[in-house]
Amino acid sequence: MFAPASVAVIGASNHPLSVGGMLFRNILQAGYQGVVYPVNPSWKSVSGVRCYPSVDALPETPELAVVAVPAAVVSQVIAELGERGTRGAVVVSAGFREIGGAGIAREEELIATARKYGMSLVGPNCFGVINTAPEVSLNATFSVELPPKGNIAFVSQSGALCEGILRYGISERIGFSRFVSVGNRAGVQETDILRSLATDPYTQVILLYIESLANERRFLDAAREVARVKPILVIKGGRSPEGERAARSHTGSIARSAQDRLYDALFEQAGVLRADTIGELFREAKVFSTGDRMEGLRMAILTNSGGPGIVAADATARAGLTLAPLSERVQSRVRAFLSPSAAITNPVDTTADVSIRSFGATLKELLEDTEIDGCLVIATPVGELQGPALAQAILTARGRLKKPVVACVFGLVDLTQEVRTLEDHGVPSFTFPEEAVVALASLARYQHRRARPSRPFRPYSVRHDAVDRVLGSIPPAESTVLPEFSARELLSAYGVPFASARLARTVEEAVQFADQTGYPVVLKVASPDISHKTEVGGVRVGIPTAAELRTAWAEMSASVAAKAPAARVEGFEVEKMIHGGKEVLVGLQRDPRFGPVIVFGMGGIYVEVLRDVTFRLAPFDQTEAEEMVASVRAFPLLQGVRGEKPSDLPALYSILGRVGQLALDLPRVQELDLNPVIVCPEGEGAFAVDARLVIGPIDSPSISAPLASASRSGTAPPGTPSRDAPRRRR
């Protein structure tokens, strides 16, 4: 992308501060390898290059046009370019959707015009594009400085951010391969650029700044593919708006109050690494740009000063890395290099009086240890350990090893040359040790995600007759909360296991069932109008005898009548009580932006208070389900504590997979809340004991909108089938 043989700058000018003038001069000064044509009827030449009065007057068809004219005439210019056969345009002009009102209509006209001619469109309202490939050397931005060449691609939704990022890159010696501002995304979006960068030989790392995504599902598909071959690092600004409908269940309440956590789930599933700050984004990019891999979580710290080593050790624990214990053999060899006062455990503290030779030899031993995956070198210049000799000792010890090494050099003197020497040879340097550790941890996380196996859930058998019976009883235009016994029937058709239960309409029916299934039992009110049964006294657990069941029935009837007098009560459910086990929540929320979202967390009545939950977008595989469960803070409880047996995790994964399949198969299911699911000890299964399910109308926008393509690219002609249309899982 963006490697044209000829470029036309529409709106080029000799005015030194005009956007068109800066764009044209930047293209010339960057050494563009193709032909560049200025177009402006007001000038005979621009920067000494013959200027053409119109697109029609150009001696050849430009492959790319950079458009910097008033917004009102941009569509006309795009039409003229389209008639000439131009394949792509970068529109830097502002005055479109971002100003609202007439700007929205103006942008729609621009989209239609580009689409008519099949033209790829970047912008409008963008900063421009840079391609530093030596055979291109294109700087089609109005930046006053050009960053050094490198292997980092940066894609931004914010044009205002781009100038600062370029300046930061120059000051930090960060080189770029591509630099793209997508602006209003009327055509090319970040997803399109991701796919292009995947095959770009000059790009090693992809950085994204986003505030929203035009289509989350499309991004997920593209990022999953690209992240397998190249790391993608993202920083997201802003927050998504909450859903329009009021939450009607635990799951809905959680999902809508945590839109940013949904983005976390999206990035996690896609294999995208999320940074919290712009500085962190680029510090991590420096490590990734070396091409080194960190195959595990074990790192070593080498320092000649104890304090920074301790700080780094603390940061290692926070980042999820481990300090690898040094074997007796390695300790013995290192001891021979260092003074008796040195600490030869990890971190290795050589003390300040270490010689340059001993420091380098110690680093070499650490790097050659197969039990160490990466190394942080912290050096305070003192004695022999300073100047060019320090950088050279680190590089010599590293040799040809591809194991990641990062450096943190402290000092009151100017260390610019030492840092430049290290970074020019693939050893990133950081100001503080915590920054270095975070960057290494990001490298390790990426390798872990890249190496994790794909283990798709097998398609579960479904009793479609039961599904059709439940859904067929609800008019297509109706939205309703299913009675629990109907929700149970629908979920059981998908193989979600429930405790034995029956809907009783009289107390005698309840006693008869309880006598058959055995005590103790649970009694619950059955009403589509009561969301949280405990709040109206609609749940009683551990009922041990028929007499107490009769008493509970009478008391519950009175409580529900008093606290929810308008509720439709269809009876009471009697359920076999499951002993032991851990309570978890499994839910489904069909989010207007993300589509079907599966929620997991520790369950019970405190779920909305503790909010120990996580999210995944359906579909996901078994590996993702396992990591989903392991990511909640209370996961150790499921593993077993103080002699308890571990919970039946495979049974829990099965429920997650079945709910995920249901989410894809049945778009009318808008919300699902299984709370709690009782996960019994290992080998004894997992059972849902309470189900709340919301059915929406067939034509509900929230059913189809998240999955339908939202692409605005002018390259897609009208009527092109969407790759993201709803699909029935087979």
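The table for this structure:
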read-out: Neighbours by Cβ (under 6 Å, 6+ apart or cross-chain): first from the stretch 100-116, more than 11 Å from residue 184 (Cα to Cα) and in contact (Cβ under 8 Å) with a residue 12 or more places away in the chain; second polar (S, T, N, Q) and surrounded by 13 or more Cβ atoms within 10 Å (Cβ to Cβ); value: 109/75; 110/75; 113/75
read-out: Index of the failed condition, residue 107 passing every other in (1) buried (at least 24 other Cβ atoms within 10 Å of the Cβ); (2) among the acidic types (Asp, Glu); (3) modelled with pLDDT under 95; value: (3)
read-out: Test: residue in the stretch 653-661 that is more than 22 Å from the chain's Cα centre (by Cα), surrounded by fewer than 23 Cβ atoms within 10 Å (Cβ to Cβ) and outside any helix (DSSP H, G or I); value: no
read-out: Meets criteria (modelled with pLDDT of 90 or more, of a type outside the set (D, E, K, R) and crowded, with 21+ Cβ neighbours inside 10 Å) for residue 466; value: no
read-out: Residue check, residue 167 free of Cβ contacts under 8 Å to residues at least 24 places away in the same chain and either more than 29 Å from residue 616 (Cα to Cα) or surrounded by fewer than 23 Cβ atoms within 10 Å (Cβ to Cβ) (or both); value: yes
read-out: Test: residue in the stretch 196-203 that is outside the structural domain of residue 420 (by TED's automatic domain parsing), surrounded by fewer than 21 Cβ atoms within 10 Å (Cβ to Cβ), part of a loop (DSSP other than H, G, I, E, B) and modelled with pLDDT under 85; value: no
read-out: Some residue of the stretch 418-426 being under 21 Å from residue 324 (Cβ atoms) and touching a strand residue (DSSP E or B) at 6+ places or on another chain (Cβ under 8 Å); value: no
read-out: Any hit, the stretch 471-490, residues being in contact with a Pro (Cβ under 6 Å, 6 or more places away or on another chain), outside the structural domain of residue 300 (by TED's automatic domain parsing) and among the aliphatic types (A, V, I, L, M); value: yes
read-out: The stretch 345-355, residues that are out of contact with any Gly (no Cβ under 7 Å at 6 or more places or on another chain) and within 11 Å of residue 302 (Cβ to Cβ); value: 346, 348, 350, 354
read-out: Selection within the stretch 513-544 - over 12 Å from residue 560 (Cβ atoms) and in a strand (DSSP E or B); value: 521, 522, 541, 542, 543
read-out: Count - residues of the stretch 541-559 that are surrounded by fewer than 15 Cβ atoms within 10 Å (Cβ to Cβ) and of a type in the set (S, T, N, Q); value: 2
read-out: In the stretch 314-332, the residues that are touching a strand residue (DSSP E or B) at 6+ places or on another chain (Cβ under 7 Å) and buried (at least 19 other Cβ atoms within 10 Å of the Cβ); value: 316, 321, 324
read-out: Residues of the stretch 149-163 satisfying the condition of being surrounded by fewer than 16 Cβ atoms within 10 Å (Cβ to Cβ), at pLDDT 85 or above and either assigned to a loop (DSSP other than H, G, I, E, B) or of a type in the set (Gly, Ala, Ser) (or both); value: none
read-out: Qualifying residue in the stretch 116-130 (condition: assigned to a helix (DSSP H, G or I) and either of a type outside the set (Phe, Trp, Tyr) or within 22 Å of residue 425 (Cα to Cα) (or both)); value: yes
read-out: Hits in the stretch 6-30 (condition: within 37 Å of the chain's Cα centre (by Cα) and farther than 24 Å from residue 56 by Cβ); value: 22, 26, 30
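Here's the yes/no breakdown for (1) in contact (Cβ under 8 Å) with a residue 60 or more places away in the chain; (2) not hydrophobic (A, V, I, L, M, F, W, C):
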| site | (1), (2) |
| --- | --- |
| 433 | yes, yes |
| 438 | yes, no |
| 446 | yes, yes |
| 454 | yes, yes |
| 457 | yes, no |
| 461 | no, yes |
| 465 | no, yes |
| 468 | no, yes |
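Each row is one residue, and each column tells you yes or no for (1) at pLDDT 95 or above; (2) surrounded by 20 or more Cβ atoms within 10 Å (Cβ to Cβ); (3) closer than 11 Å to residue 659 by Cβ; (4) of a type in the set (Phe, Trp, Tyr).
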site	(1), (2), (3), (4)
592	no, no, no, no
614	no, yes, no, no
618	no, yes, yes, no
627	no, no, no, no
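The values are calculated or read from the model by the stated rules, or taken from the named source; none is laboratory data. In this text, all values refer to a predicted model and were calculated from it rather than measured experimentally. With ideal geometry, Cβ positions are generated from the backbone for all residues, glycine too; neighbour counts draw on all protein chains shown.
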